[in-house]
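Read the structure below first, then the notes.
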Amino acid sequence: MPPWPIFKAAVAVNKFLTLASEKSAPPHQRILSLSMAYTQSAIIYAIAKHKITDAIPNEKNDGSGGATCEQVAQIQNLDIKFTCRFMVAASTMGILKTKSFNSITMFFTTTLGDLLRSDHPKSLRDNVLYLNQAEKISSVYAGAEKSIKTGNSGFFEVYGKTFFDWLANEDNDRTKEFQQVFDAAMSSTNRISTRSILADLDLSNAQTVCDVGGGRGNFLIEIARKYPNIPNFVLFDLPGSVAHALPELLASNRTQIFSGSFFDLPKLQFALQDCSFITLEHVLHNWDDDHAAIIFSNIIQAVSSKKEQHHYQNSIVLAIADFIQPDIISESPMSRAVSALDIQMLSTQPGARERSYHDFLSIIPHYVPRDSISLIPLRGPYGIIQIDLHLDYSS
């Protein structure tokens, strides 16, 4: 990760150049461009879905490499004319670039296009596939058309049930396929944010790190790699998630895995009984304020029970890593990104939302002293709400 001064300077320059470019465009052009943004999503989706960037050899130092659109279409078994048109469109968006050799147009990937490669270490292909699933798109549009009147999620308006209920109770090939896409996208998102989180989160004194709602264990694996001296880890999530825990986690003798819901207090108490550091990564934005407050309360009750069990730690750190809405509304690229994610959440699950720091404060139990809560800004649209939990609360 870049040092903080460099990151802040880069963000400021990006904001200035982006706004300057947009403000210089005629208003009617901006409206039409914004209205057709879904076309850009479709172009990116086509490039990712059909692994078009995978079929383009990397550019070499001497300028060789690349591929014609005809070659890509043949490799991926696609229609030649349509493939060429999509690749030209992707070139206007900076995903691909072109060079002409003897009247032959060669396509190369750019830094953006490389992120759509399936084998890139920082690939965003899974995220693109998830965000452009038919169920996601229909939910967003239903949110714009119906939810704004009814207050229901867009997903509920289309499918008659919440997103997670649909995943859990619709046992068919489509939901199984979607679950795989969803899990892959969440792993990708967590992998991206984990780099930012671990750059600024100090776990050097932790004895047992517990990841609540930790899915397959990606976050714990990255923590274990950075902090090889941490002796113990705990993964806690629903049975369907921990059943697919990553092999590296399963093979570790430092890790315990527990299944259950954070709304099931006895199971949560049992899983968290030895924790010194608890993490919640991209969990609370899936829930409305009432449920998020219950999750907070249950975690506090679970760790407070340690006092009665004669454990002698005086405090435990709870770190909530999530997207953070800026308190001041602006047109900055960062504000835009988090607001777009907020609409995605609105369309998926009733009450799901991205929150500002002050929104988080409003759902943390009132008996938690405010001077024990702090915000750690991260290099990206993320932040960490860190709370020093003492074991003498009387709620």
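To keep it simple, each residue is scored yes or no on (1) of a type in the set (Lys, Arg); (2) outside any helix (DSSP H, G or I).
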{"residue": "Glu59", "(1), (2)": "no, yes"}
{"residue": "Ser64", "(1), (2)": "no, yes"}
{"residue": "Thr83", "(1), (2)": "no, no"}
{"residue": "Phe108", "(1), (2)": "no, yes"}
{"residue": "His120", "(1), (2)": "no, yes"}
{"residue": "Lys136", "(1), (2)": "yes, no"}
{"residue": "Gly143", "(1), (2)": "no, no"}
{"residue": "Phe155", "(1), (2)": "no, no"}
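Conditions tested, residue by residue: (1) open to solvent by 80 Å² or more (accessible area, probe 1.4 Å); (2) at pLDDT 85 or above.
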position: Leu19; (1), (2): no, no
position: Glu22; (1), (2): no, no
position: Pro26; (1), (2): no, no
position: Leu34; (1), (2): yes, no
position: Tyr38; (1), (2): yes, yes
position: Ile44; (1), (2): no, yes
position: Ile56; (1), (2): no, yes
position: Asp62; (1), (2): yes, no
position: Gln71; (1), (2): yes, yes
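For region 340-354, the candidate set comprises residues that are within 15 Å of Leu131 (Cβ to Cβ) and of a type in the set (S, T, N, Q); within that set, the residue that is surrounded by the fewest Cβ atoms within 10 Å (Cβ to Cβ) is Gln344.
Considering each residue of region 287-296 in turn, none proves to be of a type in the set (Gly, Ala, Ser), touching a residue at least 12 places away in the same chain (Cβ under 8 Å) and part of a strand (DSSP E or B).
Where helices (runs of 4 or more DSSP H) sit wholly within region 165-271, those with at least 3 residues that are farther than 30 Å from Asn132 by Cβ occupy 218-226, 265-271. If only residues of region 172-192 that are among the charged types (D, E, K, R) and within 18 Å of Phe155 (Cβ to Cβ) are counted, the one that is most open to solvent (accessible area, probe 1.4 Å) is Lys176.
All of Ser147, Ser91 fail the test of being touching a Gly at 6+ places or on another chain (Cβ under 6 Å), of a type in the set (Gly, Ala, Ser) and in a helix (DSSP H, G or I), apart from Ser147.
Evaluate region 363-371: report whether one residue or more is open to solvent by 20 Å² or more (accessible area, probe 1.4 Å) and within 16 Å of the chain's Cα centre (by Cα).
Applying the first criterion (open to solvent by 20 Å² or more (accessible area, probe 1.4 Å)) to region 363-371 yields 366-367, 369-371.
Going one step further and asking which of them are within 16 Å of the chain's Cα centre (by Cα), we end up with none.
No, that holds for no residue.
Within region 40-69, residues that are among the basic types (Lys, Arg) sit with their Cβ atoms under 7 Å from residues that are open to solvent by less than 80 Å² (accessible area, probe 1.4 Å), at 6+ positions apart or across chains, in these pairs: Lys49/Leu129; Lys51/Gln76; Lys51/Ser118. Considering the conditions (1) in a helix (DSSP H, G or I); (2) in contact with a helix residue (DSSP H, G or I) (Cβ under 9 Å, 6 or more places away or on another chain); (3) under 29 Å from Lys146 (Cα atoms), Ala340 is excluded by exactly one of them, (2).
Conditions (1) open to solvent by less than 10 Å² (accessible area, probe 1.4 Å); (2) more than 20 Å from Ser372 (Cα to Cα); (3) modelled with pLDDT under 90, marked per residue:
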{"position": "Thr279", "(1), (2), (3)": "yes, no, no"}
{"position": "His282", "(1), (2), (3)": "no, yes, yes"}
{"position": "His291", "(1), (2), (3)": "no, yes, no"}
{"position": "Val303", "(1), (2), (3)": "yes, no, yes"}
{"position": "Asp327", "(1), (2), (3)": "no, yes, yes"}
{"position": "Ser330", "(1), (2), (3)": "no, yes, yes"}
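The values are calculated or read from the model by the stated rules, or taken from the named source; none is laboratory data. Remember, it's a predicted structure, so these values are computed and weren't measured experimentally. Every residue, glycine among them, receives a Cβ derived from its backbone with ideal geometry; neighbour counts consider all protein chains shown. Ligands, DNA and RNA are stripped out before the accessible areas are found, and what is left, the full protein with its side chains, is counted by its heavy atoms. Shrake-Rupley method; radii C 1.70, N 1.55, O 1.52, S 1.80 Å.
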